[in-house]
Every structure is written in C-alpha cells, then in structure tokens.
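Peer 1: Here it is, the structure, as structure tokens.
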Amino acid sequence: MRDGDIDDILKKAAEAQPDPDPALLDRIAASIQPNTRPVRPLPPPWVLACGLGLIGAATALIVAALLGFHGIHAMNDIQAVIFVGVAGLAGRAAMAWTAEMIPGSRRQEGPAALLALSCALLVALFAILFRDDLAEHFVSQGMACLKAGLMTAAPVGVAGWWLLRRGFAVNPASAALAAGTLAGLAGVAMLELHCPNFQTWHVLIWHTAVVPVSASVAVLAVRLARRLSPARG
Amino acid sequence: MHPGGELETLMVRYQQGDFAAATALVRRLSPQLHRFFAVQFVSRTSADDLLQETWLRLHEVRHTYRPGEPVLPWLYAIARHIRVDHYRKSGRTSAREQSLDETPEMPAPRAAPAATLTMEEMLAPLPESQREVVELLKISGMSLEEVARATSSSVGSVKQKAFRAYEKLRERLGQMGGAS
C-alpha cells in the first residue's frame, strides 16, 4: 500500500467525521462577542529578546558594580573570552524564552537542550580558560558565589516575566526552564565580572552551577504557582 | 488569495475588533479543531467542551498572534495546551474516583474494509504523538514546518513521527486488506 492510498483513506475517514453542531458554534461566537474589542499584538520576537538581553546585562553590571569588578580586573585577555560565550548563550536563551511565550513560534532548540548546551559549553570554556588546580576554601567560597549568582538571577527572572507578561506559555514548565537558564547566565556573567577566584574547580563547579540551579528553581516556582491556582490551567 | 493568507487577514481583523471576522474564524476553523479533539478518543461531549474552551482561550490571548505569521500553528499550539490541560484535570479527577466495572470508551478494532473505518479506528494503533502528527499533517493540511511550530518540536522529529506512523498504518491496513 502506497502513502497516497493511506492519505486517501485518512481523508475519507476525516470527511465522515460529524461536524460540530451549528448551535454550538453560534454559542461560541455569542460568548466572545461582548469582548471583541481591538487588541495590540505583541511586539516582534526580536524586540522582546533584545529586551530580555538588556535586562540580563544591566542586572549583571549593576550587581557587579555594587560588589566590585574584582574578577574582570584580574582577568587576562584570553580569559575574557568567557564573556563572549556567556553572551552568545544568553542570546539564545532570550530567544528561546520569547519563543516559549508566543504560541506557534519557530524554535531553534528546546529549553532542556539549551540548558544542557549552556552547562556543557560553560564547563568546556572554564576548563580551557582557567588553569589553576588549587581548591582552597572550595565549599565556603563556592557557596558564596552560588548565592551571589542566584541573587542576580532572581531579579532577571522577575523583570523578564514582567516584560513578557502579555505572552502566553503553552508549556509553562518549558518557559520556566528557558527563563531560569537566561537568569542563571546573567548570574554567571555577574560572577565573572566580580569573582577574582580563578581556581579551575571553583569556576567549573560553582559558577556553572548557577545555571542549572536557577533553571530548577524557576521550574519549581512555576509548578508551585500552577498548583496554587488550578483554575487558571 | 491562498487559504492561509485568508486566515491571516481574518485573524488581523479579529485583533482589530471585527466581530464578523471572529465569527468567520469560528465557523471556518471549528470543524477541524473538533476533529483534532475527537481523534484523541474523547467523547463528542468532551470534544464540544474542549472546542468551546479553546475558543475562549484563543479569544483571551488573541493578541499573541503575530500578523504575517501562519495562523494554524498558533491555533493548534493553544488547542494542544487545552487538551493537555484536560488530560491533566481528568487524570486528577479519575485518581480521586473509585473504579467501576465499566470499560472506557475506546474504539475496538473491528474486522471491516479499510475504506469504512472511522478516523478513531484508523488511528487507534498509533501512540498519541504520532496520531497528532498524522492528524495535523494529513487532515488539517499543515506543512511539516507548521506542525513543528504547533507541537514545539523540530521538523526532523515531525518527519520521523509521520514516517513511523505511516509504517504502522501500512502494516495495519495491509493486514486488513489480507483479511477482507
């Protein structure tokens, strides 16, 4: 049996399906009539993605300015390549988050793949660019960096939701994953500007950890919000 | 004007507050949306409810449609969301309910010529994701790119699901042809 034969059988079966009751369609039309007023469409996705990028960059710069630009002052030119990597990933995360908030958007990659790509690329860049095998005060300094990174990520997430508040996430968990990834990358950018600890294991583990932890927190927050408001769906 | 272009024009007019355009969209798109819900083994009443709920949600978020973009991926992305939500809620409800000695409403395979099969019977052997792709591609007439957008997946993944679905359908219809 050829594909065309299957297509024909499917089409016949579809034509045999009963159409919805015309009275139901009248009821639907009547239910939306009272609220059919003009609405302003969302801005183009690139505008929203640029807005998200600006929020991330501005937040990272402001927090680093408050804590001190010790990291970037201690960095050599080659190590500064880390900013190119973080900016590239943040751009993709901003586009992914925007796509998640506009139903039927074209997607480059799913938020889960983007999170995995972000972690893998950060680990690779840190391992190549930061070559100091000491691991002093590994946990205490690491926890301080993780906390500072997450404190930077939180306002990025909140401001981003505000910017995209008119959007509609058909998959809220995916949207949260993209949001958490972008916010986490802003946290990493802040840490690279601020943290002068260039020990390989420190940056590899604790700086990278900001991204998956931020993404996980965002997903949990959305799940919790949905559980608390079941009527919204 | 091609059908997609006409839908886009109606959608833009709907966003501008034109009730006639909204009514035209409801009449034009409801049959295929209803079929989309019906092939997922929901009862006719449930399909009616889902259709109504989908239009209310579409109306609520009509500003998220971007003029110039295809209408169907936007529409089906929201319809899928409503359907998934329906499953989630009915799953929650059924978890709280005690089971009865009653069989669920599933189309049982019957020995009939392929041409007389209903849509539900045709697609019964397919997993949900493949059923959805076949429905969107072949019945709703969307392109691979449009189905990928509607289902938040890649074109490659849609192609693969369609290929596997057709392999299963070919096998099933072949068996039926042999039996009849």
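Peer 1: Out of (1) outside the structural domain of A:ALA186 (by TED's automatic domain parsing); (2) surrounded by 19 or more Cβ atoms within 10 Å (Cβ to Cβ), what's the single condition that is false for A:GLU15?
Peer 2: Against the list (1) outside the structural domain of A:ALA186 (by TED's automatic domain parsing); (2) surrounded by 19 or more Cβ atoms within 10 Å (Cβ to Cβ), A:GLU15 comes up short only on (2).
Peer 1: Let me ask something additional. For the range B:120-149: of the residues being in contact with a Ser or Thr (Cβ under 9 Å, 6 or more places away or on another chain) and either hydrophobic (A, V, I, L, M, F, W, C) or outside the structural domain of B:MET176 (by TED's automatic domain parsing) (or both), which is farthest from A:GLY4 (Cα to Cα)?
Peer 2: Residue satisfying both the conditions and the ranking: B:ALA148.
Peer 1: Tell me, yes or no, whether the range A:53-69 has at least one residue that is in the same structural domain as A:HIS194 (by TED's automatic domain parsing) and not in a helix (DSSP H, G or I).
Peer 2: Yes: one or more hits.
Peer 1: Listed residues A:ALA65, A:ALA58, A:ALA94; which is away from chain B (no Cβ under 14 Å) and surrounded by 22 or more Cβ atoms within 10 Å (Cβ to Cβ)?
Peer 2: Working: A:ALA65 fails: surrounded by 22 or more Cβ atoms within 10 Å (Cβ to Cβ); A:ALA58 fails: surrounded by 22 or more Cβ atoms within 10 Å (Cβ to Cβ).
Testing whether each residue is away from chain B (no Cβ under 14 Å) and surrounded by 22 or more Cβ atoms within 10 Å (Cβ to Cβ) leaves just A:ALA94.
Peer 1: Applying the selection to the range B:28-51, what residues are within 7 Å of chain A (Cβ to nearest Cβ), in contact (Cβ under 8 Å) with a residue 60 or more places away in the chain and closer than 12 Å to B:ARG83 by Cα?
Peer 2: Selection gives B:ALA38 alone.
Peer 1: Within the bounds of the range B:18-27, is there any residue that is more than 7 Å from chain A (Cβ to nearest Cβ) and touching a residue at least 24 places away in the same chain (Cβ under 8 Å)?
Peer 2: no
Peer 1: Turning to a different aspect of this structure: Of all residues in the range B:124-142, how many are within 12 Å of chain A (Cβ to nearest Cβ) and among the hydroxyl-bearing types (Ser, Thr, Tyr)?
Peer 2: So the answer is 1.
Peer 1: Mind listing whichever residues of the range B:149-165 are touching a residue at least 12 places away in the same chain (Cβ under 8 Å) and either within 22 Å of A:GLN108 (Cβ to Cβ) or surrounded by 21 or more Cβ atoms within 10 Å (Cβ to Cβ) (or both)?
Peer 2: Taking the range B:149-165 first, the residues touching a residue at least 12 places away in the same chain (Cβ under 8 Å) are B:149-152, B:158-159, B:161-162, B:164-165.
Scanning the range B:149-165 gives B:ARG149, B:ALA150, B:THR151, B:SER152, B:VAL158, B:LYS159, B:LYS161, B:ALA162, B:ALA165.
The rows are residues; the columns are (1) hydrophobic (A, V, I, L, M, F, W, C); (2) surrounded by 18 or more Cβ atoms within 10 Å (Cβ to Cβ).
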residue	(1), (2)
B:HIS34	no, yes
B:VAL39	yes, yes
B:ASP49	no, no
B:THR54	no, yes
B:HIS81	no, yes
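Peer 1: Looking at the range A:148-163, I want the residues that are part of a helix (DSSP H, G or I) and have a partner that is surrounded by fewer than 19 Cβ atoms within 10 Å (Cβ to Cβ) with Cβ atoms under 6 Å, at least 6 apart or on another chain. Which pairs are those?
Peer 2: Note: pairs meeting the criteria are A:LEU163/A:GLY51.
Peer 1: Of the numbered conditions (1) over 18 Å from A:ALA209 (Cα atoms); (2) among the polar types (S, T, N, Q); (3) assigned to a helix (DSSP H, G or I), A:SER140 fails exactly one; give the number of that condition.
Peer 2: (1)
Peer 1: Given the structure, is A:GLY71 in contact with a Gly (Cβ under 8 Å, 6 or more places away or on another chain) and either exposed (fewer than 14 other Cβ atoms within 10 Å of the Cβ) or in contact (Cβ under 8 Å) with a residue 24 or more places away in the chain (or both)? Lay out the reasoning, then the answer.
Peer 2: On the way: in contact with a Gly (Cβ under 8 Å, 6 or more places away or on another chain): no; either exposed (fewer than 14 other Cβ atoms within 10 Å of the Cβ) or in contact (Cβ under 8 Å) with a residue 24 or more places away in the chain (or both): yes.
Criteria not met by A:GLY71.
Peer 1: Oh, and also: Can you spot a residue in the range A:123-140 that is in contact with a helix residue (DSSP H, G or I) (Cβ under 8 Å, 6 or more places away or on another chain), of a type outside the set (S, T, N, Q), within 17 Å of A:VAL86 (Cα to Cα) and surrounded by fewer than 18 Cβ atoms within 10 Å (Cβ to Cβ)?
Peer 2: Within the range A:123-140, one or more residues are in contact with a helix residue (DSSP H, G or I) (Cβ under 8 Å, 6 or more places away or on another chain), of a type outside the set (S, T, N, Q), within 17 Å of A:VAL86 (Cα to Cα) and surrounded by fewer than 18 Cβ atoms within 10 Å (Cβ to Cβ).
Peer 1: Can you name the residue in the range A:25-38 that is surrounded by fewer than 19 Cβ atoms within 10 Å (Cβ to Cβ) and of a type outside the set (Lys, Arg) and, of all such residues, is nearest to the other protein chains (Cβ to nearest Cβ)?
Peer 2: Going through the range A:25-38, the residues surrounded by fewer than 19 Cβ atoms within 10 Å (Cβ to Cβ) turn out to be A:26-27, A:30-31, A:33-35, A:37-38.
Still in the list and also of a type outside the set (Lys, Arg): A:26, A:30-31, A:33-35, A:38.
Numbers: A:ASP26: 9, A:ALA30: 9, A:SER31: 7, A:GLN33: 6, A:PRO34: 10, A:ASN35: 7, A:PRO38: 4 Å.
Applying the filter and picking the extreme gives A:PRO38.
The values are calculated or read from the model by the stated rules, or taken from the named source; none is laboratory data. Everything numeric in this text was worked out from a predicted model, so none of it was measured. A quick note on method: Cβ atoms are made from the backbone with ideal geometry, for glycine too, and the neighbour counts reach across all protein chains shown.
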